[in-house]
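Peer 1: First the structure, then my questions, so here it is.
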Number of protein chains: 2
Amino acid sequence: MFSLPKNITIIEVGPRDGLQNEKQLVSTDAKLSFIEGLQKAGITEMELTSFVSPKWVPQMADSKEIVAGAKKTGRQFVLTPNERGITAALDAGADALAVFVGVSDSFNKKNINKSTAESMAALKPLILKLKDQGVFVRACISTAFYCPFEGAINPEDTIRLCSEFVDWGVDELSVADTIGMANPAESYYLFDQLKQQFPNTLITAHFHDTRKMALANIFAALQAGVDRFDASAGGLGGCPFAPGATGNVATEDVVNMMHRMNIETGIDLEGLCEAIEKIESHVSNPINTGMYTLYKNRP
Amino acid sequence: MFSLPKNITIIEVGPRDGLQNEKQLVSTDAKLSFIEGLQKAGITEMELTSFVSPKWVPQMADSKEIVAGAKKTGRQFVLTPNERGITAALDAGADALAVFVGVSDSFNKKNINKSTAESMAALKPLILKLKDQGVFVRACISTAFYCPFEGAINPEDTIRLCSEFVDWGVDELSVADTIGMANPAESYYLFDQLKQQFPNTLITAHFHDTRKMALANIFAALQAGVDRFDASAGGLGGCPFAPGATGNVATEDVVNMMHRMNIETGIDLEGLCEAIEKIESHVSNPINTGMYTLYKNRP
């Protein structure tokens, strides 16, 4: 039989990735209360917010207040798209930054108006400087399996991109199936390669549940030795390219599957559901993940 | 890397397992049109209906008309709880019957007012007679992993029950995680044992998506060599013990995962979604499975 890790780490992305496309403006207090609830439940690594232009993402306009207000336990990431964002994030007191790029040219062009090569060229000096300063750098890699515009991505292209980040000294690669299209065989193949080729870099799997394969993909990644998973409490965050479709895999469903397989997460499932309850009234879509639905309907 | 089968068979359970708990009475015409649509999409094995008392399950009161009206292609199962049901089913022209029992005593007592041993004692002469008559017999085994009343089921108990059925000559064992609580490691363990111990019996996995692990469990069962899966178009059929929770794994999501892994099913995904569209207006809950949601929101 396959061997599975004894414990895994969840990187909670709800407060940033989950809320960023939320249409209703969520108050800073509601966000901080959500973050506090998540930390109380045992979350130690989290994407807190992002330092982007409030014109692009009005939901993240309170990033300074979020960084100032959130408890500094474990690793609290902030997402930064460029030099201005990095400066603002460091000024605000952030010590773990996340940068992002897609593997596919079309995705980057639509998203940030640069080709993949141009994006990487812009990131390189920023990352080298951050590593000089001793800042933890997480590289989020979108469209690592499929692109909404280009279709299937060659795994070699993803691996080559990861390799550049590794050369620049990034601490973590978060490798994402952005449109929830990867299958477990593809998940196993890519993560097996990444674990073998980059043994000294943290490898994190980021799956979306659009086609209901998220936990199957996570199970396959576990078999490839991955022990870090991005997940969003309540499954918050839709995929903008698939209206009505589910987005990020739900933290509570990942935690439940791990615990049922005797894999420790350090997270208390009930505390996690209580944190989700805090944010539920502030978001526009009903939360109907597996474990939260059972929690709400408990006798 | 693990090896996966080249093709699998779906046993569509929507018309029976999916509709039986549906509160709105679905017309015979609507059911037959659903069944026809499923067959056109390439479904060759299906649970058509059940011959139970219309007092218990009013939705299945038209079982004779369903058997008479449905095209006889491949294997069309009817569920029969007892001798009276078996006689009625054979009289109606059915040639593939499904019988059912739970592994757990409490489940059987709540469900059919008999212990597991009493249920098996009642089934034995019926099955032996059916096999004498050359009828295809499918044994549906509930609570094979967890029971809503007793909790975890010892896999050895499930295997022992299966072994009795095999001794009596049943053609197929459909082994079910009735409350959607099994994890992929448990799925692999049990199905690996069943495939090894009963190499001459068809082994079918039946998963529920209550905790979103259905496709992960199916992926694990594939790794154990299982190549038959029960599934319900549109995910029809809730789990009566978990209000609001998702029930049967959706056929369209299973088919998609298989096709994406280059595993053939013989089923046309678009035709399947068209069949689901036919039944959607007749059922009370909205259908929001992965692939059907994408189908409805297609540009």
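We did not get these values from a lab; they are worked out from the coordinates using the rules stated. These numbers come from a predicted model, not from an experiment. Glycine gets a Cβ as well: all are built from the backbone with ideal geometry, and neighbour counts include every protein chain shown.
Peer 1: What is the residue of chain A with the smallest Cβ distance to the axis taking A onto B, and what is that distance in whole Å?
Peer 2: Measuring from each Cβ to the axis, the minimum is at A:A216, 2.
Peer 1: Rounded, prolate or oblate: which fits chain A when a ≥ b ≥ c are the square roots of the eigenvalues of the alpha-carbon gyration tensor, with rounded for a/c under 1.5 and prolate only if a/b beats b/c?
Peer 2: Cα axes put chain A in the rounded bin.
Peer 1: Shielding by partners for A:203-215, please: the mean number of other protein chain Cβ atoms within 10 Å of each residue's Cβ.
Peer 2: Per-residue shielding by partner chains comes out at 5.
Peer 1: Please name whichever of A:V13, A:G102, B:V226 sits farthest to the positive end of the charge dipole of the protein assembly as shown, dipole taken about the Cα centre and charges placed at Cβ: Lys and Arg +1, Asp and Glu -1.
Peer 2: A:V13
Peer 1: Modelling each spin label as a point 7 Å along the Cα-to-Cβ direction, I'd like the A:D29/B:N262 distance in nm, to one decimal.
Peer 2: Between A:D29 and B:N262, the label points sit 5.8 nm apart.
Peer 1: What ³J(HN,Hα) values, in whole Hz, does the Karplus curve 6.51 cos²θ - 1.76 cosθ + 1.60 give for region B:212-224 when θ = phi - 60°, with x put for Gly and Pro?
Peer 2: Taking θ as phi minus 60°, the curve returns 6, 9, 4, 5, 5, 5, 5, 4, 5, 5, 4, 5, 8 Hz for region B:212-224.
Peer 1: Taking the Cα centroid of region A:159-187 and of region A:78-147, what is the distance between the two, rounded to the nearest whole Å?
Peer 2: 14
Peer 1: So, with +1 on the Cβ of K and R and -1 on the Cβ of D and E, and no other charges, what is the size of the charge dipole of region A:1-128 about its Cα centre, to the nearest 20 debye?
Peer 2: On the way: 15 positive and 14 negative charges, 31 e Å.
For this selection, approximately 140 debye.
Peer 1: Something else now. Quick check: residue separation of B:R160 and B:K72 times 0.36 nm, minus the Cα distance between them. What number comes out in nm?
Peer 2: Taking 0.36 nm per residue and subtracting the Cα distance, the gain is 28.3 nm.
Peer 1: Based on the Cα atoms of region A:149-299, what semi-axes does the equivalent ellipsoid have, where each is the square root of 5 times one gyration tensor eigenvalue, given in whole Å with the largest first?
Peer 2: One finds semi-axes of 28, 18, 13 Å for region A:149-299.
Peer 1: Cα atoms only: what Rg and Dmax, in Å, come out for the protein assembly as shown?
Peer 2: 25.3, 82
Peer 1: I'd like the per residue volume of the convex hull spanned by the Cα atoms of region B:191-233, given in cubic angstrom.
Peer 2: 66
Peer 1: Turning to a different aspect of this structure: Could you give the nm distance between label points at B:T87 and A:A92, where each point is 7 Å from its Cα heading toward the beta carbon?
Peer 2: 7.6
Peer 1: Using a/c under 1.5 as the rounded threshold, could you call region B:1-121 rounded, prolate or oblate? The axes a ≥ b ≥ c are square roots of the C-alpha gyration tensor eigenvalues, and prolate needs a/b larger than b/c, oblate otherwise.
Peer 2: Cα axes put region B:1-121 in the oblate bin.
Peer 1: Moving to a separate point now. About the Cα centre of the protein assembly as shown, what is the dipole size in debye to 20, counting +1 per Lys and Arg Cβ and -1 per Asp and Glu Cβ, all else neutral?
Peer 2: For the protein assembly as shown, the charge dipole is close to 460 debye.
Peer 1: Top mean-square fluctuation among B:S63, B:S106, B:S174, Gaussian network model of chain B, C-alpha springs under 10 Å?
Peer 2: Highest fluctuation of the listed residues: B:S106.
Peer 1: Right, something else. Which of rounded, prolate or oblate describes region B:163-202 when judged by the alpha-carbon gyration tensor and an a/c cut-off of 1.5?
Peer 2: Cα axes put region B:163-202 in the oblate bin.
Peer 1: Which of B:G42, B:P81, B:H259 sits closest to the plus end of the dipole of chain B, meaning its Cα is farthest towards the positive end, when Lys and Arg get +1 and Asp and Glu get -1 on the C-beta?
Peer 2: Going by the charge dipole, the pick is B:P81.
Peer 1: Give the nm distances, rounded to one decimal, from B:R298 to the matching residue in every other copy, measuring between label points 7 Å along Cα toward the beta carbon; shortest first.
Peer 2: Once sorted, the set of distances for B:R298 reads 4.2 nm.
Peer 1: List, shortest first and in nm to one decimal, how far the label point of A:T87 (7 Å from Cα along Cα→Cβ) is from its counterparts in the other copies.
Peer 2: 8.9
Peer 1: I would also like to ask the following. Can you give me the distance in nm between label points at A:N111 and B:F149, each placed 7 Å from the Cα along the Cα-to-Cβ direction?
Peer 2: Distance between the two pseudo-spin positions: 5.2 nm.
Peer 1: Right, something else. From the label point of A:A61, set 7 Å along Cα to the beta carbon, how far off in nm is each other copy's matching point, shortest first?
Peer 2: Spacings between copies for this position, smallest first, are 6.0 nm.
Peer 1: Further question on the same structure: Once you've got the Cα coordinates, tell me which of A:K212/B:K64; A:K212/B:K195; A:K71/B:K296; A:K23/B:K278; A:K296/B:K109 are over 31 Å apart. Working shown, then result.
Peer 2: Values: A:K212/B:K64 36 Å; A:K212/B:K195 26 Å; A:K71/B:K296 43 Å; A:K23/B:K278 33 Å; A:K296/B:K109 28 Å.
Check vs 31 Å cut-off fails for A:K212/B:K64; A:K71/B:K296; A:K23/B:K278.
Peer 1: Rounded to the nearest 500, what is chain A's calculated 222 nm mean residue ellipticity when only DSSP H runs of at least 4 contribute -39500 (n - 2.57) each, over all residues?
Peer 2: Value at 222 nm, helices only, nearest 500: -12000 deg cm²/dmol.
Peer 1: Can you list which of the chymotrypsin sites (Phe, Trp or Tyr not before Pro) found in region A:1-83 are DSSP loop residues with at most 12 other C-beta atoms within 10 Å?
Peer 2: A:W56
Peer 1: Another one. Which of the lysines could a cross-linker bridge to A:K124, judged by Cα under 16 Å and excluding same-chain residues fewer than eight apart?
Peer 2: A:K114
Peer 1: Can you tell me the dipole magnitude for region B:195-299 around its Cα centre, using point charges on the Cβ only (Lys, Arg +1; Asp, Glu -1), in Debye to the nearest 20?
Peer 2: Values: 8 positive and 11 negative charges, 68 e Å.
Once rounded to the nearest 20, the dipole reads 320 debye.
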